[in-house]
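All remarks here apply to the structure that follows.
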Amino acid sequence: MVKVVQGALRGQGKRFGIAVARFNEVVTERLLQGALDALRRHGGADGAVTVVWVPGAFELPTACRWLAQAGVDALVMLGAVVRGGTDHYDYVCSGVTDGAMRVGLDTGLPLGIGVLTCSEMEQALARAGGEHGNKGEDAAIAALTMLDVRAQLPASATARSAGPGAGRTG
């Protein structure tokens, strides 16, 4: 018989780290509110959430790595990168994406990514509690789901996913 693993939304007793970019704060404050609402709705306690504000989206992966080292169970990354007239947008988006992947793979922790990459501010606002929902909420839901998926897998499988040397005792 095939074993199917699907994550449930269970935040009780878990610690969460949320890294939020200050750049485009009018958007990221709304993303943060969506993430916090989702965690609360699914049993996460305010006292079990650490929010770290960083200057911009490029700093988010580093802050998530620090939160992982501080002992959280899951991570949420929130930011808004809006295209301008230069190539800066492309470099920031690429750096954030690569950094997020590295944090997830190196730490083995669930990571919900709510970093908007939009052509204009109106698109970002529409995805931060506007007509297209709240991607901060979606990121928190992804972190909760992956946290439960990981809990359902054998400990040896999740230890191997935490990077080189993870799970070794000697």
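The values are calculated or read from the model by the stated rules, or taken from the named source; none is laboratory data. Worth saying up front: this structure is predicted, and the values here are computed from it rather than measured. Because the Cβ atoms are built from the backbone with ideal geometry, glycine has one as well, and the counts that use them run over all protein chains shown. Just so you know, the surface numbers come from the protein's heavy atoms only, side chains and all, with ligands and any DNA or RNA stripped out. Shrake-Rupley method; radii C 1.70, N 1.55, O 1.52, S 1.80 Å.
Could you count how many residues in the stretch 29-39 are in contact (Cβ under 8 Å) with a residue 24 or more places away in the chain, farther than 21 Å from Gln69 by Cβ and out of contact with any Lys or Arg (no Cβ under 7 Å at 6 or more places or on another chain)?
Within the stretch 29-39, the subset in contact (Cβ under 8 Å) with a residue 24 or more places away in the chain is 30-39.
Those still in the list that are farther than 21 Å from Gln69 by Cβ too: 30-34, 36-38.
If we keep only those that are out of contact with any Lys or Arg (no Cβ under 7 Å at 6 or more places or on another chain) as well, we get 30, 32-34, 36-38.
Residues that pass the stated criteria total 7.
Return a yes/no flag: does the stretch 104-114 have any residue that is touching a residue at least 40 places away in the same chain (Cβ under 8 Å) and on the phi > 0 side of the Ramachandran plot.
Checked against the condition, which is being touching a residue at least 40 places away in the same chain (Cβ under 8 Å) and on the phi > 0 side of the Ramachandran plot, the stretch 104-114 yields at least one hit.
Can you tell me how many residues in the stretch 111-153 are open to solvent by less than 10 Å² (accessible area, probe 1.4 Å), within 19 Å of Arg41 (Cβ to Cβ) and not in a strand (DSSP E or B)?
Number of matching residues: 5.
Which pairs do you get when a residue that is within 12 Å of Leu111 (Cα to Cα) and β-branched (Val, Ile, Thr), found in the stretch 135-155, comes within reach of a residue that is at pLDDT 95 or above and part of a helix (DSSP H, G or I), reach meaning Cβ atoms under 8 angstrom, with the pair 6+ apart or on two chains?
The qualifying pairs are Ile141/Ala38.
Restricting the stretch 22-44 to residues that are open to solvent by 80 Å² or more (accessible area, probe 1.4 Å) and not charged (D, E, K, R), which is farthest from Ile141 (Cα to Cα)?
In the first step, residues of the stretch 22-44 are kept if they are open to solvent by 80 Å² or more (accessible area, probe 1.4 Å); the result is 22-23, 29-30, 33, 40-41.
Still in the list and also not charged (D, E, K, R): 23, 33.
Details: Phe23: 23, Gln33: 13 Å.
The qualifying residue farthest from Ile141 (Cα to Cα) is Phe23.
If you check Thr107, Thr62, Thr50, which single one turns out to be crowded, with 20+ Cβ neighbours inside 10 Å and of a type in the set (S, T, N, Q)?
Working: Thr62 fails: crowded, with 20+ Cβ neighbours inside 10 Å; Thr50 fails: crowded, with 20+ Cβ neighbours inside 10 Å.
The match here is Thr107.
Which residue out of Gly84, Gly43 is free of Cβ contacts under 8 Å to residues at least 24 places away in the same chain and over 15 Å from Lys135 (Cβ atoms)?
Details: Gly43 fails: free of Cβ contacts under 8 Å to residues at least 24 places away in the same chain.
Matching residue, one of Gly84, Gly43: Gly84.
To keep it simple, each residue is scored yes or no on (1) modelled with pLDDT of 95 or more; (2) farther than 26 Å from Phe23 by Cα.
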position: Thr86; (1), (2): no, no
position: Val92; (1), (2): no, no
position: Gly99; (1), (2): yes, no
position: Gly104; (1), (2): yes, no
position: Leu111; (1), (2): yes, no
position: Glu131; (1), (2): yes, no
position: Gly136; (1), (2): yes, no
position: Ser161; (1), (2): no, yes
position: Gly165; (1), (2): no, yes
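Out of the stretch 1-21, which residues are in contact (Cβ under 8 Å) with a residue 40 or more places away in the chain and either β-branched (Val, Ile, Thr) or surrounded by fewer than 20 Cβ atoms within 10 Å (Cβ to Cβ) (or both)?
Here is the first cut: in the stretch 1-21, the ones in contact (Cβ under 8 Å) with a residue 40 or more places away in the chain are 5-11, 14-21.
The answer is Val5, Gln6, Gly7, Ala8, Leu9, Arg10, Arg15, Ile18, Val20.
Would you list the strands (runs of 3 or more DSSP E) that sit entirely within the stretch 1-95 and hold 1 or more residues that are more than 16 Å from Met121 (Cβ to Cβ) and in contact with an Asp or Glu (Cβ under 8 Å, 6 or more places away or on another chain)? Reasoning before the result, please.
Working: elements: 16-21, 49-54, 74-82.
By residue number, 16-21.
State the number of residues belonging to the stretch 10-28 that are out of contact with any strand residue (DSSP E or B) (no Cβ under 8 Å at 6 or more places or on another chain) and closer than 21 Å to Leu67 by Cα.
Let us first name the residues in the stretch 10-28 that are out of contact with any strand residue (DSSP E or B) (no Cβ under 8 Å at 6 or more places or on another chain), namely 10-13, 25-26.
Next, only the ones that are closer than 21 Å to Leu67 by Cα stay: 10-13, 25.
So the answer is 5.
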